[in-house]
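Accompanying notes for the structure given below.
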Amino acid sequence: MLPIIRWGATALVVVFGVLWAVIWVGRNEGESSGAFLSRILGASVNTETESSVGIQLPPGVTIGGPFSLTDHTGKAVTDATYRGKWMLVFFGFTYCPDVCPTELQKVAAVLEMLGDRASQIAPILISIDPERDTPEAMANYVQIFDDRLIGLTGTPEQIAEVARAYRVYYAKIQPSGDTPYLMDHSSYLYLMGPDGRVQAVFPYAATAEDIAAGVAARMARQ
Ligand code: NI
């Protein structure tokens with residue numbers, strides 16, 4: 001056998017072995033392998049059944065935690081500042097050319113769709129570009145989308161800490177020439193419950209309707 005075929009075959013065996021193990025360990029009692037697979041792969045968007053809205057986290061995986069940041073009015077805040085409210089958290093930066101504006105428009109649409117229930121939500125943008133995103137820059141930026149939107153920034157260390165807690169990836173991209181740098185970043189939207197614990201994670205592909213339905217379902221369950 002050519003080495004590449006041998007390695008390919010080995011890789012396939014490993015992949016199927018792992019898949020089988022995941023199905024075996026992860027499915028609920030009485031659940032068929034097919035149902036389990038569609039449950040974990042159907043990650044985002046069935047708005048009918050709340051259990052399938054948002055990405056299902058594997059058991060034991062936690063997201064979120066304590067943070068210490070500065071809001072767009074210059075006030076020092078922590079995660080405890082928003083305890084008792086639902087937090088809809090997105091990580092991004094004010095120079096973002098497309099992903100962040102799109103997602104924040106979506107968040108604004110979600111707040112509209114939720115009507116009065118939106119008063120129980122703290123919609124939050126956390127900057128992963130603390131070098132340029134001062135509280136003033138955040139204030140100018142968040143008001144473009146919705147006056148309820150809260151912009152949080154901090155020192156590079158504070159941002160690294162909160163990004164680690166939420167498992168957010170970010171990295172500076174320096175284009176050639178005089179163009180300002182960009183930040184590459186993961187783009188999930190996190191729904192945290194009034195107790196500060198993660199309730200749902202929405203991928204960028206989720207629509208405002210999907211997210212509003214997912215949030216409403218989880219609020220109704222509390
Ligand atoms: Ni962005």
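The values are calculated or read from the model by the stated rules, or taken from the named source; none is laboratory data. Keep in mind it's a predicted model, so treat the numbers as computed, not measured. A quick note on method: Cβ atoms are made from the backbone with ideal geometry, for glycine too, and the neighbour counts reach across all protein chains shown.
Observations, loosely collected:
- For A163, the conditions (1) within 16 Å of the ligand (Cβ to nearest atom); (2) modelled with pLDDT of 95 or more; (3) farther than 17 Å from D79 by Cβ all hold with the exception of (3).
- Positions within the range 104-122 being away from the ligand (no atom under 16 Å from the Cβ) and not β-branched (V, I, T), in sequence order: A109, L111, E112, M113, L114, G115, D116, R117, A118, S119, Q120, A122
A quick yes/no check of all residues on (1) of a type outside the set (F, W, Y); (2) over 17 Å from A208 (Cβ atoms); (3) more than 16 Å from the ligand (Cβ to nearest atom); (4) assigned to a loop (DSSP other than H, G, I, E, B):
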residue: M87; (1), (2), (3), (4): yes, yes, yes, no
residue: Y95; (1), (2), (3), (4): no, yes, no, yes
residue: T102; (1), (2), (3), (4): yes, no, no, no
residue: E131; (1), (2), (3), (4): yes, yes, no, yes
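- Candidates are the residues of the range 166-193 that are among the small types (G, A, S) and touching a residue at least 24 places away in the same chain (Cβ under 8 Å); the one that is nearest to the ligand (Cβ to nearest atom) is S187.
- When restricted to residues that are buried (at least 21 other Cβ atoms within 10 Å of the Cβ) and under 19 Å from the mean Cα position of the chain (by Cα), the range 126-137 contains 4.
- Residue match in the range 145-166 (condition: surrounded by fewer than 17 Cβ atoms within 10 Å (Cβ to Cβ) and within 17 Å of L104 (Cβ to Cβ)): yes
- G154 being of a type outside the set (A, V, I, L, M, F, W, C) and more than 16 Å from the ligand (Cβ to nearest atom): yes
- For the range 194-206, the criterion of a residue being polar (S, T, N, Q), modelled with pLDDT of 95 or more and more than 16 Å from the ligand (Cβ to nearest atom) is satisfied by no position.
- For the range 163-220, a tally of residues being among the basic types (K, R), outside any strand (DSSP E or B) and touching a strand residue (DSSP E or B) at 6+ places or on another chain (Cβ under 9 Å) returns 1.
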